[in-house]
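Student: Have a look at this one before I ask anything.
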Amino acid sequence: MGFLKTIKKDLDAVFERDPAAKNILQVIFTYPGFHAILIHRISHALYTAGIPLIPWILSTLARFLTGIEIHPAAKIGEGFFIDHGMGVVIGETAEIGKNCLLYQEVTLGGTGKEKGKRHPTLGDNVVVGAGAKILGPIKIGNHVKIGANSVVLKSVPDHSVVVGVPGKIIKKKVMRIVQEGIEETLDHVRLPDPVEEELHELREYISRLENRIEKLEGKGGKVKIFNTMTGKKEEFIPVRTGKIRMYACGVTVYDYCHIGHARNAVVFDVIRRYLKYRGFDVKYVRNFTDIDDKIIKRANEEGITWDRVVKKYIEEYYHDMDRLGVERADVEPKATEHINEMIEIIKALIEKGYAYEIPEGENKSVYFSVERFPEYGKLSKKDPKELLAGARIEVDERKKNPMDFALWKASKEGEPWWNSPWGKGRPGWHIECTAMVIKHLGESIDIHGGGADLIFPHHENEIAQSEAYTGKVFAKYWVHNGFITIDKEKMSKSLGNFFTIREILDRYDPEVIRFFILSTHYRSPIEFSKEQLHDAESSLDRYYSTISRIDDFLTHATDTGKKVEISQFNDFLDRFIERFEEAMDDDFNTALAIGHIFELLKEVNRFLDLKPSGEEAKKLLIMTKEIFNTTGKILNLFQRTPEQWNIDLLRYKKIPLTELDIRKKIEERRIARQNKDWTRADSIRKELEEKGIILEDKKDKTDWKVKI
Ligand SMILES: [Zn+2]
């Protein structure tokens, strides 16, 4: 009866393990795994009874039928199931416990030629994945799971999961909630690989070390930049170690700057500041386009010379940018100071066959031949053929290709001109950047930046003429900032939906504009609205109010002996700079970096709410201020005292009071309160409040702030 009972258990195991098993007949007739164990049970019984030959004939027959080879001597417990089964080999001295499951191509084999026990022993409830090899007289414990293709050479304790080559015990298991509770299984598809995991950890460790070494050597860390040229975020590796040459296309000086110009200037200002902070030696060049159709037009409108227009609007540019905290570039060249350099480049381009002349009266214009530069379109990902099809109709017939662009323009009546090999004329727009980049930074630079609207045609043309001229890669990383939109439409002068910087600065503190710009990642569009500016203003106010709270604590707090839990706040501070750098390293994510700063503000306020006391708390708050200072400097935000912030707000909010007026009122109120003249004290408070000033009574003084 024992024999039949065992067979019954084997059959049950099939139904338990294989969801495809439908009925007993199907299993009996079509399951090779079942055939193999059935024949093995018989051959093993005969083998144990000492009957010669027949057990071997039976096992050979089973091997032919099923592709499963089990030595008649192998001891196998009840409830055994081989799923699929082809290629399974079970050696002579192998022993298998109850309710085990093997998949195809599993080997329970030996490693040597010595007699005696040389095959493994499996405990109960062991699962062996497809292709796994368990070799030698080792012991596999109960409830062990062995991953597919693992090679196990050492004994394994109960309840382990083994994967990899050589098999390693891991703890990682897939937890599956079944009706009976939680079940641990092994995901054979996404098999954890301990070797790969260790390698991964090592790689991460090496990368952290590299970062530290680079930081110590002053080379900066692992900055990643989104490169418009490749359309990917790439690890930033400068052309020359430690040195960065960076160029950003500046403004055409014929009008006041608008908020779009402010964004571009602030973005590249922060990129430069951060790269410097990262230890790079940065040379930054930002040009002025001081000869252009628009400048000539403006000069004619205003009845002044073109150079007066230029002078005026460069002054206005500096006036706006200084207020926005945009640091001057290392070199701020003007196009017209580089006429000779441009002429030299244009001459060389004609000699090399990249450019051609078109006579215009006594003078000539020079055009760049786009067809001669097969890579044309590589930055903007535009196909020159498609561009041609879409080109506007009013094309100059004399051009070889409608896409060809002017390097030199023959002089027209009433226009400024310079002498050249092509007679009187002036440079085209694009050539000026090539000349200024090469002169001030060299033929191959690291970063070339600008607004996204410059990608085509300006930057595409810069690349064509520069690379045709030098035969070298012009810029390694192309960085472009996104647009500012109003009602989801791109803000631009041509659409007429723009705000000049000074219009906004009439109502808002410059730091509000800077904060508004940096609160969004530089590549994303920003929707410009009063609400957004107001939000930026409240955020800054929250910052300065918190600093004021810290200052109060540092100057007035007495040691009450109260000990509060500092570890959470301490941990937060410890990790802070690293998190800030991580955000900035990731393609200058100022939005995330500012997010971290405001998280820190929340933590500081929470900490102060606990009413901490003592030296340790003081130390932490001093450290907090230092962190704010370091990170604030990179963004060039948060550089004032809370008092100065409020004094400046008086001006922008057009409150008709000076700081002195307010101080006088506060003093009046203090005396009234001293005399218990509560009515008077109250009316002073109300009077100030109506004008937008809030009083805050503190332990030994009264502070004021502007209502946001
Ligand atoms: Zn340019």
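Student: How much length is gained on full extension from residue 204 to residue 362, taking 0.36 nm per residue of separation minus their Cα-Cα distance?
Tutor: Extra length available between residue 204 and residue 362 comes to 50.2 nm.
Student: To the nearest 0.05, what FRET efficiency results for residue 53 and residue 139 with a Förster distance of 41 Å applied to their C-beta separation? Intermediate values should be presented prior to the final figure.
Tutor: Numbers: r = 32 Å, r/R0 = 0.78.
The calculated FRET efficiency here is 0.80.
Student: Could you give each residue of segment 6-15 its phi-based ³J(HN,Hα) in whole Hz, using Karplus coefficients 6.51, -1.76, 1.60 with θ = phi - 60°, and x for Gly or Pro?
Tutor: 4, 4, 4, 4, 4, 4, 4, 4, 4, 5
Student: Taking +1 at the Cβ of each Lys and Arg and -1 at the Cβ of each Asp and Glu, which of 706, 595, 569 sits farthest along the dipole of segment 566-708 towards its positive end, judged by Cα position relative to the Cα centre?
Tutor: Comparing the listed Cα positions along the dipole, 706 ranks first.
Student: Looking at this model, which pairs from 619/699; 382/476; 8/168 are more than 25 angstrom apart at the alpha-carbon?
Tutor: Working: 619/699 22 Å; 382/476 19 Å; 8/168 35 Å.
Cα-Cα > 25 Å for 8/168; rest within.
Student: Ok, one more. For the pairs 312/633; 602/707; 276/381, note any where the Cα-Cα span goes beyond 22 Å.
Tutor: Checking Cα-Cα distances, 312/633; 276/381 exceed 22 Å.
Student: Each residue of segment 322-332 in order: what ³J(HN,Hα) in whole Hz does its phi give by Karplus 6.51 cos²θ - 1.76 cosθ + 1.60, θ = phi - 60°, with x for Gly and Pro?
Tutor: 4, 5, 7, x, 8, 6, 5, 6, 5, 10, 10
Student: Here is a further query. Kindly work out what percent of the DSSP beta bridges joining two residues of the chain are antiparallel, to the nearest 5.
Tutor: Just about 45 percent of them are antiparallel.
Student: Once you keep just the Cα pairs under 8 angstrom separated by 6 or more residues, what percentage relative contact order results for the chain?
Tutor: Averaging sequence separation for qualifying contacts and normalising by length gives 8 percent for the chain.
Student: List the GluC sites (Glu not before Pro) in segment 464-573 that DSSP assigns to loop (not H, G, I, E or B) and whose Cβ has at most 15 other Cβ atoms within 10 Å. Which are they?
Tutor: Listed in order of number, the matching sites are 565.
Student: How much length is gained on full extension from residue 300 to residue 412, taking 0.36 nm per residue of separation minus their Cα-Cα distance?
Tutor: Gain on stretching residue 300 to residue 412: 38.9 nm.
Student: While we're looking at this one, here's another question. Please report the antiparallel percentage of DSSP beta bridges with both residues in segment 238-481, rounded to the nearest 5.
Tutor: Around 45 percent of the beta bridges assigned by DSSP in segment 238-481 are antiparallel ones.
Student: Tell me which lysines have Cα within less than 24 Å of residue 115's Cα, excluding those fewer than 8 residues away on the same chain?
Tutor: 75, 133, 139, 154
Student: Label points 7 Å out from Cα along the Cβ direction at residue 531 and residue 348: separation in nm?
Tutor: Roughly 5.4 nm, to one decimal.
Student: Here is a further query. How high is the relative contact order of segment 655-706, in percent, counting Cα pairs under 8 Å that sit 6 or more residues apart?
Tutor: Numbers: 39 pairs, mean separation 14.2, N = 52.
27 percent.
Student: Sticking with this structure for a sec: By count of other Cβ within 10 Å, fewest leading, how are 198, 360, 95, 351 ordered?
Tutor: Least to most surrounded, the residues fall as 351, 198, 360, 95.
Student: Show me, for segment 613-624, the HN-Hα J-couplings you get by feeding each phi into the Karplus relation (A = 6.51, B = -1.76, C = 1.60, θ = phi - 60°), rounded to Hz, glycine and proline as x.
Tutor: The phi angles translate into 8, x, 4, 5, 4, 4, 4, 4, 6, 5, 4, 4 Hz.
Student: Treating the beta-carbon of each Lys and Arg as +1 and of each Asp and Glu as -1, no other charges, what is the dipole magnitude of segment 2-166 about its Cα centre, to the nearest 20 debye?
Tutor: Numbers: 17 positive and 13 negative charges, 60 e Å.
Charge dipole of segment 2-166: 280 debye, to the nearest 20.
Student: Oh, and also: Say R0 is 25 Å: what FRET efficiency, to the nearest 0.05, do residue 383 and residue 452 get from their beta-carbon distance?
Tutor: Details: r = 19 Å, r/R0 = 0.78.
The computed FRET efficiency comes out at 0.80.
Student: Now a separate question. Suppose the chain between residue 524 and residue 619 were pulled fully straight at 0.36 nm per residue; how much longer would it get relative to their current alpha carbon spacing?
Tutor: 30.3 nm
Student: Report the antiparallel proportion of the DSSP beta bridges in segment 437-519 as a percent, rounded to a multiple of 5.
Tutor: 25 percent
Student: So for the chain, Kirkwood radius off the Cα pairs, Stokes-Einstein at 25 °C and 0.890 mPa s: how many µm² s⁻¹?
Tutor: 75 µm²/s
Each reported figure results from applying straightforward, stated rules to the coordinates on display, with no laboratory input. As the structure is a computational prediction, the values presented were derived from the model and not from experiment. With ideal geometry, Cβ positions are generated from the backbone for all residues, glycine too; neighbour counts draw on all protein chains shown.
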